[in-house]
Structure formats: C-alpha cells, structure tokens
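Derivation of every value follows stated rules applied to the coordinates shown; laboratory data play no part. This is a predicted model, so every value here is computed, not measured. Cβ atoms come from the backbone with ideal geometry, glycine included; neighbour counts cover every protein chain shown.
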Ligand code: 5GP
Ligand code: ZN
C-alpha cells in the first residue's frame, strides 16, 4: 500500500481530521476513534512503515521515539502513575487493521492480562 492510500498517512497530511494531542519531528499521537479505555491514544511515526515486519535497522530511532512519545502522552493524560499499556499489533492474526505502524496507549481503567 502506498502512503496515499494509507489512513494514517492521510491523517498526517491533514486530509482526515483527528484529535491530535502530541506532535514531534518524528511522531504524532491522536485519540482512537473507537476507544477501548478512557484513554486510548494511537502513536504513529511520520514515516510510513506498514508493520513491525517491515522495520529495518535505519528505523531504530523512529521506533524508540514512539516510546518516548508514549511516556509523554501518558504523563499528559494523567495515567502514568496508575499505569497504562502500550500495544502494537502485527498483521491480521494479531488484530492489525491499519497498516501504518502504531502504538496503542491504553489507560484509565484496570487492564487484564493476558489480552484476548
Ligand atoms: P489496529 O487494529 O490496526 O491495531 O488499530 C487501528 C486502530 O485505528 C483501531 O483501534 C481503530 O479504532 C483506529 N482507527 C481506525 N480508523 C480511525 C480513524 O479514522 N481515526 C482514528 N482516530 N482512529 C481510527
Ligand atoms: Zn501510512
């Protein structure tokens, strides 16, 4: 899939509205349209990378910065102390539906383990 057909690239381009709550040079974060917890934020790289399987060595910094963004978002959402979960689904069998790398950040309720 090229980035012009990618939903999250279209959000990055401003073509589709989203509730963006964090932006950096390499990543943005916005609220999930179908939240599974009171805080459910998607953190995505500006670079189009389809899945974890498509990562290469040159993406290491990008991926690290997703976690730094998660730390910042958790703090600003007020869930850092109580606890939160970050999840990245890879491919359809794990529930991935949008093929642009994204971390889910979930918080604001107790989260059971293992996930379904
Ligand atoms: P995945 O299933 O690929 O791990 O996660 C994709 C997420 O994107 C889902 O949680 C879904 O609710 C969310 N999503 C799908 N379309 C949109 C949209 O247009 N806007 C926003 N903000 N989230 C979306
Ligand atoms: Zn994309």
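General observations
- If you go through region 34-48 and keep only what is farther than 21 Å from residue 78 by Cβ and within 13 Å of ligand 1 (Cβ to nearest atom), you end up with 34, 44.
- Among the residues of region 57-103, the one identified as over 16 Å from residue 28 (Cβ atoms), within 16 Å of ligand 2 (Cβ to nearest atom) and not in a loop (DSSP other than H, G, I, E, B) is 59.
- Where residue 50 falls short, out of the listed (1) under 19 Å from residue 67 (Cα atoms); (2) part of a loop (DSSP other than H, G, I, E, B); (3) free of Cβ contacts under 8 Å to residues at least 24 places away in the same chain; (4) within 13 Å of the chain's Cα centre (by Cα): (3)
- Region 1-31: number of residues that are within 16 Å of ligand 2 (Cβ to nearest atom) and in a loop (DSSP other than H, G, I, E, B): 9
- Filter result (within 25 Å of residue 4 (Cα to Cα) and free of Cβ contacts under 8 Å to residues at least 40 places away in the same chain) within region 88-116: 88, 89, 90, 92, 93, 94, 95, 97
- Restricting region 32-47 to residues that are in contact (Cβ under 8 Å) with a residue 60 or more places away in the chain and away from ligand 2 (no atom under 14 Å from the Cβ) leaves a set whose member that is nearest to the chain's Cα centre (by Cα) is 41.
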